[in-house]
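Contents: one structure, followed by commentary.
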Amino acid sequence: MIVPASRVDELGAALTAALPEAAVGDHPELESRVVVLTVAQAKGLEFDSVLVVDPDRMVAESPRGRSDLYVALTRATQRLGVLRPCR
C-alpha cells in the first residue's frame, strides 16, 4: 500500500489494528504480506500488487507532484488498485 506521507501514521495504525502482521514505519519489513509505504520508500521497488491510497493528496503535498504519483502507480507488476476518499 502506497500512501501520502501525511497519512502514514493514520492509515498504518488502522491497518495494523486489523492486520497485526502488516509492516509500517521508517524501515518496514518488506517481506511482510502487507506493507504501508510512502512514495519515497517505494521508489525503485516492485510488488505483485499495489494499492495506491489518496492519489490527489499525494500529488498536492509533494513538490514532485505527478512524478511521485507516477512512481506510486508503476510499482505494481500484476495488480494495481487506487482508493480515493469520498468528498
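The values are calculated or read from the model by the stated rules, or taken from the named source; none is laboratory data. A quick note: this is a predicted structure, and the numbers were derived from the prediction, not measured. Neighbour counts are summed over all protein chains in view; Cβ atoms, including those assigned to glycine, are modelled from backbone coordinates with ideal geometry. These accessible areas exclude ligands, DNA and RNA; they are computed on the full protein's heavy atoms, side chains included. Shrake-Rupley method; radii C 1.70, N 1.55, O 1.52, S 1.80 Å.
Taken over region 17-26, the residue count meeting the criterion of being open to solvent by 80 Å² or more (accessible area, probe 1.4 Å) and farther than 18 Å from residue 43 by Cβ is 3. Only residues that are under 11 Å from the mean Cα position of the chain (by Cα), of a type in the set (A, V, I, L, M) and not in a loop (DSSP other than H, G, I, E, B): list them for region 1-24, please. Once the filter is applied, which keeps residues that are under 11 Å from the mean Cα position of the chain (by Cα), of a type in the set (A, V, I, L, M) and not in a loop (DSSP other than H, G, I, E, B), region 1-24 yields 2, 5, 8, 11. Restricting attention to region 25-56, the residues that are closer than 24 Å to residue 85 by Cα and either at pLDDT 90 or above or not in a loop (DSSP other than H, G, I, E, B) (or both) total 20. Only residues that are part of a helix (DSSP H, G or I) and of a type outside the set (Lys, Arg) were counted in region 57-67, giving 5.
Listed conditions (1) open to solvent by less than 80 Å² (accessible area, probe 1.4 Å); (2) part of a helix (DSSP H, G or I) are all met by residue 70, apart from (1).
Here's the yes/no breakdown for (1) touching a residue at least 24 places away in the same chain (Cβ under 8 Å); (2) in contact with a helix residue (DSSP H, G or I) (Cβ under 9 Å, 6 or more places away or on another chain):
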residue	(1), (2)
17	no, no
21	no, no
28	no, yes
40	yes, yes
47	yes, no
55	yes, yes
78	yes, no
84	yes, yes
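Picking from residues in region 27-59 that are open to solvent by 60 Å² or more (accessible area, probe 1.4 Å) and among the hydrophobic types (A, V, I, L, M, F, W, C), the one that is nearest to the chain's Cα centre (by Cα) is 40. Only a single item in (1) closer than 21 Å to residue 69 by Cβ; (2) touching a helix residue (DSSP H, G or I) at 6+ places or on another chain (Cβ under 9 Å) is not met by residue 12, and it is number (2).
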